[in-house]
Amino acid sequence: MHRHDHGRVIIALQGGTMKIVEQSGASEQHVWESGKAYWLPANAPNTMHADVNAGNKPIEVMVVELQKDK
């Protein structure tokens, strides 16, 4: 489990389906296409999550977290 205090850009180098599992047990899936970039906002205060590859092939992403996103 981890968290992101700032918004971030996910760049899919090798795309796939990522399941984001919250500490509470809630989850959501993101389908990331290779070569595309996606914006994810900062996590809500006092929350954590885990990233789980929901597919059967490796996913490779570059995460750029913005230090000053506000």
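Each residue of the range 49-64 was assigned a 3J(HN,Hα) from its phi angle through the Karplus curve 6.51 cos²θ - 1.76 cosθ + 1.60 (θ = phi - 60°); the sequence is 8, 10, 9, 10, 5, 8, x, 10, 10, x, 10, 10, 10, 10, 10, 10 Hz, with glycine and proline shown as x.
Per atom type, the range 1-63 shows carbon and sulfur on 53% of its accessible surface, probed at 1.4 Å. Straight Cα distances below 16 angstrom link LYS57 to the aspartates and glutamates GLU33, with same-chain residues fewer than 8 positions distant left out. For the range 14-24, 3J(HN,Hα) computed residue by residue from phi via the Karplus equation (6.51, -1.76, 1.60; θ = phi - 60°) reads 9, x, x, 9, 10, 9, 9, 10, 6, 4, 6 Hz, glycine and proline entered as x.
For the pair HIS6 and TRP39, the difference between a 0.36 nm per residue extended length and the Cα-Cα distance amounts to 10.8 nm. Per residue, the Cα convex hull of the chain amounts to 82 Å³.
In the context of the full set of protein chains, the chain has a per residue accessible area of 69 Å² (1.4 Å probe).
The values are calculated or read from the model by the stated rules, or taken from the named source; none is laboratory data. A quick note: this is a predicted structure, and the numbers were derived from the prediction, not measured. Quick note on the areas: whole protein, heavy atoms, side chains included, nothing else; ligands and nucleic acids left out. Shrake-Rupley method; radii C 1.70, N 1.55, O 1.52, S 1.80 Å.
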